[in-house]
1. Using amide H atoms built in the peptide plane, which far-off residues or other-chain residues are under 5 Å from A:Ser306 H to H?
2. Counting other beta carbons within 10 Å of each residue's own, what order do A:Ser47, A:Ser430 fall into, fewest first?
3. How much length, in nm to one decimal, is gained on full extension between A:Leu175 and A:Glu268, taken as 0.36 nm per residue of separation minus their Cα-Cα distance?
4. How are the Cα pair distances of the protein assembly as shown distributed, in percent, across 20 Å bins from 0?
5. Please give the FRET efficiency for B:Glu227 paired with B:Asp293, using the beta carbon to beta carbon distance and R0 = 22 Å, rounded to the nearest 0.05.
6. So what are the ³J(HN,Hα) numbers for the stretch B:336-351, from phi and the Karplus equation (6.51, -1.76, 1.60; θ = phi - 60°), rounded to whole Hz, Gly and Pro as x?
7. Using a Förster distance of 35 Å, how high is the FRET efficiency between A:Lys341 and A:Thr539, based on the Cβ-Cβ distance and rounded to 0.05?
8. Pop out the ³J(HN,Hα) list for the stretch B:357-369 in order, Karplus 6.51 cos²θ - 1.76 cosθ + 1.60 with θ = phi - 60°, rounded to Hz; leave Gly and Pro as x.
Amino acid sequence: MDIHIFKCELGSTVPEPLTDKEIEFYNWLASTILGVAAVDVNVISDSNIPITNKQIEEGGGAAYKALIDCLNSIPKLKNDDLIVLDIEVRKLSLLRAHSLIHIFSALKSYFDLHAGLVPGKCVILLEDLPPDKDLINNLLKDIAKTTSLFIIDQDGRSDDGFAIDRSEFKKRRLLSKRLPRERIRQKMIKQWGHFQKRYNDKNICIRNFYDGQYCEEDVSEYLFLEFQEVATRETIICYHSKKSPWLRRAVLALKRQLDCMIIDISNEDLPNNYNNIILVLDFIDSGNTLIRLLDKFDKKPEKILSILATRYGECNAGIKTFRNTPYGEVNVDYLLEAEYKKIGDQPCYLCELNIPRDELQALSVSGKIRSLDFWEMVTEAGLCEEINPPDYREPIPQAINCVKLLTENGTFIASRILQLMEQNHFPLDSTIVCPSGEDCSGLLSNKLSLLLSQDIITVPRDVINIYANEIQSREILTQEEWYIKLCSPTVQSCIIIDDFSVTGSTIKGLLSLITELEKSILAVIPIIDFAPHIGKDYTDRLYPLYEWSEINLG
Amino acid sequence: MSGVKLIWGNYFMSQESPLISCNSILHLLEGTSEIDLDLKSMMVHDLLSKSYLIEDKTARDAIILRALRYTVPEYFSPLISMLKDEDQAGLEEQPTRQKEMKHYDVLIMTVIPNEFWSLKKALDLPEDSNLELARDEVQFWETEIRNDKIKRNLRCLVSMIGDARNVNAALTVSTAMKYYDIGLAVLVGIAAGPEIFVKVGDVIIGNQIIDYEGNRIEPTGPQKRPEVISIDGGLFKQISYFLARDEIMDGNFANFYRPIEEELLSVKLPKSSKINIKRAPILAGEKLIADHDTLQELIDKYHQEARAAEMESIGFALACENPPKIPWLVFRGISDYGNPKKRNQKKYQKNAALSAILALIKYLEGHYSPLNLKEF
């Protein structure tokens, strides 16, 4: 059996090839629908179709045309083929319903024009099933007149009586992406700030706060994978997330996926009709809160899971053990280890420095990094010989150890870049361009791609150097993936992101390359620009994350 | 600063004040052991460059002096220490608004215990003040009010003058200004108001304070010399926008006030009335007005738009206008009509104070933005 896969990504600008894991998932889905073994399914074609917000705003005709073009490129469509149309909506995309109409119109037109060559089966994967009286639904009904149509939402629901193992579907779909556990690890932000916490009945100041606002969905998916087999109708999931709204939202998202009760144990009373308890915590340190919560239960929870845990007490391989609880020894599974730096009773040194206390809500609008946070991160990372200097000069013997700095704080820095972009109202369709490499550039672009849900193109260093040095005889490998992506007509406006700009040559190279390809450059965002005094023709678009100062005493 | 050219990026220091920035770097230099020499040099470079943006010359010089310790060869460092010692000696004699002055976004002051009780309840302050903050017999409380405009908590310093009269108000606010770096000072409490224009519980936000006591005694009789002092133009605009909100306009503020009154106070304002918040001149003098005519006569003589009379705000405002000048506001809840019924209306003092305090909180939460926002 032959299948043809089309993945439309609304709100994307760059055509990303499908991964092996994704193909494996579509293969499984096709074999389930066709009722054959997975080995008997052949993937004949797979395409990724980015549809930018600008295209959607301009009427969505581009979505129609892009899908028609892809469908027309199928070499020999047969009646017993299966078409898989997966429609993924980026977090930042606009006008979803509007673009869906264009996509389904394209599918309908294609089927209408190719009578006799219409595939026997077509499966459409959508985020949510369309409501009954929706225009989209009417379009889908028309398509269903010419082929057997299966519409499945992200949780495996289908409205036409087609029975698929929903849990299995959801599990396989989640596993076809990067594992949620890994995504949480990468996306959890260790915020630097001046926070207040109640500890032993007094207020103390703490320096870091773990913020999961960018991994809510991943936490929800992780919890689904963890609980889907243990949670039954008699299970109650109790969560405690007084300081972590992200956990509350992640747990509440489980409500529509798991057939069990979910309550906020800090505010709600336990009902009577449950058999087993699962307790979910945002953070666990000394266990005092846990013991207080356990007092509320009449039986020991079957499972206790905390997203974050400190190394305080007995702690080994993702399990923290507490011995003196109302139920004796209790084990708490945890995902991530957290550093919990108490900086003392008030007034702490941050109070003395007049640094106002932060709340996570306030942090979400402060884009630039303040001096204390920047230099404390740098002091912790230390100095080392410059990694990957341009080939025309020697490495700086004592430069900031940006690899260490970004390994420890990359997510924090990436989140600040995102805030800076939001504050300056850069369009959602901007494509981020940054240098590639195994070093800090790679670390930063990786964090950005995880966090920003925005398209990122990484350009090799040697290419950047060629453009920075204005070498006339350029031989660019036009078949390389980065080049194809950058040349894509959907890429129109770019934001250049660099890590530590010492002389500005990386930025200069990227500017020259992007300008040559006739794309516009909206902004240049280095983490720090050590040479603000060097004449630049992009000063009006320069937004360093930390403002290094330079005085000229001449 | 002649000969010095500053170069920086697009919008330097729109968020963090140079003083906080420099003190932060100094703190790391002084408090972190084993910083690599090259790293120290980078930090000092950044610090000294930023120091030129500090407006207060004394604070700037002190910072530069402290930073220089990290730039001279070790052999010469005693010279810097000598300079530092001299500089410190000078500074101790004359307190200035520099590093050791703790910053508060807002100073909130009430006058009498009934007002302070309402303030304490509304802000959920502890019974006892923070002893570490007490200065010259004046006690202070610390609290925070969430501000949606600048998306952070406002750090507030709270105190009570203790007794009526303008001199007391001036002395207390001067004490706060001497020891703390204040962003905005607000006097909040009760006042008498003309019965034909206001009712008990209404709130008057002073756009002008009129000192009606000034007179020159001439053979022909006293010649009026009123002192008039107006609030900052920026605050005036903020207050105007605040008053134009649906939740405030047409007495709608009552919807916010009533549930809190229900929770905190045993005496209630008449149920039917709406609660108006108005911007108007406030008459300030040394008279506790409780007769039939004086209040209306003062309004007729000094400002026909005046809607409140009390005994502290001119002292408070004049003290705030003294160097280091700080912006100020006066919020007054009408507790009586300045007539013989005053004694019977004393029971409404807590209500009137609460009304003014809640109006202030509403303003600070949703409409106040510091006039010269330099910090995070």
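1. The answer is A:Leu281, A:Asp333, A:Tyr334, A:Leu335.
2. Values: A:Ser47 19, A:Ser430 22.
Neighbour counts put them in this order, fewest first: A:Ser47, A:Ser430.
3. Numbers: separation 93, 0.36 × 93 = 33.48 nm, distance 3.34 nm.
Roughly 30.1 nm would be gained on extension.
4. Result returned by the calculation: 12, 33, 35, 17, 3, 0.
5. Values: r = 23 Å, r/R0 = 1.05.
Result of the calculation: an efficiency of 0.40.
6. 7, 10, x, 10, x, 6, 3, 4, 5, 8, 4, 4, 8, 4, 5, 5
7. Step by step, r from the Cβ atoms, then E = 0.40.
8. Using θ = phi - 60°, the values come out as 5, 5, 4, 4, 4, 4, 5, 5, 5, x, 10, 7, 10 Hz.
Each reported figure results from applying straightforward, stated rules to the coordinates on display, with no laboratory input. Just so it is clear, the structure is predicted and the values come from calculations on it, not from any experiment. Note that each Cβ is placed from the backbone with ideal geometry, even for glycine, and that neighbours are counted across all protein chains shown.
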